[in-house]
Number of protein chains: 2
Amino acid sequence: MWDMVIDWLAAGVNPGEATVFIQSRVAEHAELHLLLSMITPRGWLERVPTYKDQQEKLKEKDLSTYGFLGYPLLQSADILVYRAGLVPVGEDQVAHVELTREVARRFNHLYGREPDFEEKAEQAIKKMGKKNAKLYKKYRRAFQEQGDDEALAAARALLDSQQNIGIADRDRLFGYLEGGGMVILPEPQPLLTKASKMPGLDGHKMSKSYGNTIPLDASPKKVDKMLRTMPTDPARVRRKDPGNPDVCPVWQFHQVYSDASVQDWAREGCRSAGIGCIECKQPIIDAVLAELGPIQERGKEYAEQPDLVHNIINEGCERAREVAAETLDEVRNAMSLDY
Amino acid sequence: MWDMVIDWLAAGVNPGEATVFIQSRVAEHAELHLLLSMITPRGWLERVPTYKDQQEKLKEKDLSTYGFLGYPLLQSADILVYRAGLVPVGEDQVAHVELTREVARRFNHLYGREPDFEEKAEQAIKKMGKKNAKLYKKYRRAFQEQGDDEALAAARALLDSQQNIGIADRDRLFGYLEGGGMVILPEPQPLLTKASKMPGLDGHKMSKSYGNTIPLDASPKKVDKMLRTMPTDPARVRRKDPGNPDVCPVWQFHQVYSDASVQDWAREGCRSAGIGCIECKQPIIDAVLAELGPIQERGKEYAEQPDLVHNIINEGCERAREVAAETLDEVRNAMSLDY
């Protein structure tokens, strides 16, 4: 576990900006998961694509548990407990963010209704001050009467920038904007990186359980060997055989690690048998080593300071707990569980 | 909610002996439920008898949620988080206690193993002092070599009475006694009252959702009316028709509320048409009113002191949290989640 934290910090996660914490130390994840489980239809979970996939792939593990079926819902709780706007995920996790959006929508629909919602929303508008209140009303009208999406985005940004109104009022105004009730759990969006799919050394999905990864702490010698021996286009048996980048895992690496001119050189060289596979891999080996250098340096520094790493996690847990506790207060309040 | 707490206190739950608390205020219930969900096969929950029953009976409610399937497991967590030995339940809940036993057994089997278990157990024996250590060993041998159940019970009582050993050591010695690993979550037993099945006014299962209950705060006049109009043997249409107690809900009430002589009188009188149904009901009406009198008096006292009731709950939550937190520490420790 601590090795993993050190890997993150080494890879560049900045504890000054990011809150790094341990899920099991923040009880609110389990609490929100339990509460959401009461409104989440079983069918939604049974239809999650990763569910059947994993059950087939990892048959030796005992995956037919209640908790395994609910695992994507636990991820939803992980996201919603911090009311995240954007969730950085890989392509295979987009379906989980979509489930999260559905769960949030259902929760808001069921529990976001207050008997005096409109009145409270109008009062909240006034709290923003004359100028902002006027702006909010203008944007709201433009969205509700003409479906103006830019006005909707502008109104949301306006609400985000408000210092004079509390969270509950902001939730009301988010909901009032779109004509619904209070938005207690906002719907998150997936955030994909440019290279949203980084294959493993064999060209298949990268996964520790498939053994096709390069460890962050691999020595330059090991990295060199792993990349040199990674498979290429199986049809290119001899040096003089031309290859096809489209079926070669190395080409996928070039797309991530090489600029346009190196990519051109590799593609042409492969198709014309102008370069050999080892030659083709060299710029990638260089790029991976250049990338790993500073990571391993930072990793070594952190590994030498276990107290610092512990403190980062302790502070992260504390910060996470504060935000999560606030969400749970609002959730319990909306569900009338605040005795 | 507060009315329900007052009902309990009025009915005689003594806050000096019993810990009265609100489940949602003790996050450990949700945490243990989540952890146990990871080791509980879905099939165990799908086979719980109340699951299909309720889904059929209450079709209008949206019961096909993930949480509804896991509801008996939440009850298991409710029990196991306090490591309860006996669980006072009605007959229809015995299956849930049985599920709880299976979940506890599985948990202990999976996580109760320590690499140096035997060595630690032998050390723990020494901590009990020479005399008790000798006794424990004697009982353990008698149970393991001859299957002597009395020796097992005696050894357990001995362990319960030890002040010199901590909880972890006691768990080890419980497990060592029977030859397994550590018993982190002991298996509870159901505790049935003599009248484990108290029917509703219509002779069917008593349930608020079926509308066949007498509220604890019902006025004497209302109680009288409810009992007078409750159904009897449908075949006994006229006063002179003989009746059959075996199909009469009133007879079930006699079994709970009347002594042997009144029961004889009712049974004979019914079968011979010697008494009418109203006459037959009178001793029950008297008994219910006599039972409700002091309950309603206490209820009134508590209702007049909301602060007292709040304090009872607050102290109960505090006490519950302490015990639950201790269990969760051990559970996380066993699962290697104690970073």
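The values are calculated or read from the model by the stated rules, or taken from the named source; none is laboratory data. Computed from a prediction, not measured in an experiment: that's the story for all the values here. When we count neighbours, we look across all protein chains shown, and the Cβ atoms used for this are built from the backbone with ideal geometry, even at glycine. Heavy atoms of the whole protein, side chains included, go into the accessibility calculation; ligands, DNA and RNA do not. Shrake-Rupley method; radii C 1.70, N 1.55, O 1.52, S 1.80 Å.
Worth pointing out:
- Residues satisfying the stated conditions in the range A:231-252, i.e. open to solvent by 10 Å² or more (accessible area, probe 1.4 Å), hydrophobic (A, V, I, L, M, F, W, C) and either out of contact with any Pro (no Cβ under 6 Å at 6 or more places or on another chain) or assigned to a loop (DSSP other than H, G, I, E, B) (or both): A:Ala235, A:Val237, A:Val247, A:Cys248
- Check on A:Ala142, in contact (Cβ under 8 Å) with a residue 40 or more places away in the chain and of a type outside the set (Lys, Arg): no
- Index of the failed condition, A:Trp2 passing every other in (1) within 13 Å of chain B (Cβ to nearest Cβ); (2) surrounded by 17 or more Cβ atoms within 10 Å (Cβ to Cβ); (3) under 17 Å from A:Asn314 (Cβ atoms): (2)
- Cross-chain or 6+ apart pairs with Cβ under 8 Å, the range B:246-273 first and touching a residue at least 24 places away in the same chain (Cβ under 8 Å), then of a type in the set (Gly, Ala, Ser) and part of a helix (DSSP H, G or I): B:Val250/B:Ala266; B:His254/B:Ala266; B:Tyr257/B:Ala287; B:Ser258/B:Ala266; B:Ser258/B:Ala287
Yes or no, residue by residue, for (1) open to solvent by 50 Å² or more (accessible area, probe 1.4 Å); (2) at pLDDT 85 or above; (3) among the hydrophobic types (A, V, I, L, M, F, W, C):
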{"site": "A:Gly181", "(1), (2), (3)": "no, no, no"}
{"site": "A:Ile184", "(1), (2), (3)": "no, yes, yes"}
{"site": "A:Gln189", "(1), (2), (3)": "yes, yes, no"}
{"site": "A:Leu192", "(1), (2), (3)": "yes, yes, yes"}
{"site": "A:Lys197", "(1), (2), (3)": "yes, no, no"}
{"site": "A:Met206", "(1), (2), (3)": "yes, yes, yes"}
{"site": "A:Tyr210", "(1), (2), (3)": "yes, yes, no"}
{"site": "A:Ile214", "(1), (2), (3)": "no, yes, yes"}
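- Entry remark, the range B:269-291: residues being within 16 Å of B:Ile214 (Cβ to Cβ), open to solvent by less than 30 Å² (accessible area, probe 1.4 Å) and hydrophobic (A, V, I, L, M, F, W, C) number 4 in total.
- Test: A:Arg267 is assigned to a helix (DSSP H, G or I) and either at positive phi or away from chain B (no Cβ under 14 Å) (or both): yes
- Sole exception among (1) of a type in the set (Lys, Arg); (2) in contact with a helix residue (DSSP H, G or I) (Cβ under 6 Å, 6 or more places away or on another chain); (3) exposed (fewer than 13 other Cβ atoms within 10 Å of the Cβ) for A:Lys130, by number: (2)
- Flag for A:Glu46 being among the acidic types (Asp, Glu), open to solvent by less than 30 Å² (accessible area, probe 1.4 Å) and more than 17 Å from the chain's Cα centre (by Cα): no
- Checking each residue in the range B:292-311 for being surrounded by 14 or more Cβ atoms within 10 Å (Cβ to Cβ) and away from chain A (no Cβ under 14 Å) picks out B:Leu292, B:Ile295, B:Gln296, B:Arg298, B:Gly299, B:Tyr302, B:Ala303.
- One residue from B:Ser24, B:Ser37 being without any contact (Cβ under 8 Å) to a residue 24 or more places away in the chain and open to solvent by less than 60 Å² (accessible area, probe 1.4 Å): B:Ser24
- Hits in the range A:291-339 (condition: part of a loop (DSSP other than H, G, I, E, B) and among the small types (Gly, Ala, Ser)): A:Ser336
- Residue satisfying condition, being at pLDDT below 85, out of contact with any Lys or Arg (no Cβ under 7 Å at 6 or more places or on another chain) and surrounded by 12 or more Cβ atoms within 10 Å (Cβ to Cβ), within set B:Ala153, B:Ala168, B:Ala104, B:Ala142: B:Ala168
- Of B:Tyr51, B:Tyr71, all but one fail to be within 14 Å of chain A (Cβ to nearest Cβ), open to solvent by less than 60 Å² (accessible area, probe 1.4 Å) and without any contact (Cβ under 8 Å) to a residue 24 or more places away in the chain; the exception is B:Tyr51.
- Subset of the range B:312-338 that is open to solvent by 80 Å² or more (accessible area, probe 1.4 Å) and more than 24 Å from B:His109 (Cβ to Cβ) - its residue that is farthest from the other protein chains (Cβ to nearest Cβ): B:Arg319
To keep it simple, each residue is scored yes or no on (1) in contact with a Gly (Cβ under 9 Å, 6 or more places away or on another chain); (2) within 14 Å of another protein chain (Cβ to nearest Cβ); (3) assigned to a loop (DSSP other than H, G, I, E, B).
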site: B:Val20; (1), (2), (3): yes, yes, yes
site: B:Leu36; (1), (2), (3): yes, yes, no
site: B:Ile39; (1), (2), (3): yes, yes, yes
site: B:Trp44; (1), (2), (3): no, yes, no
site: B:Arg83; (1), (2), (3): no, no, yes
site: B:Glu98; (1), (2), (3): no, no, no
site: B:Lys134; (1), (2), (3): no, no, no
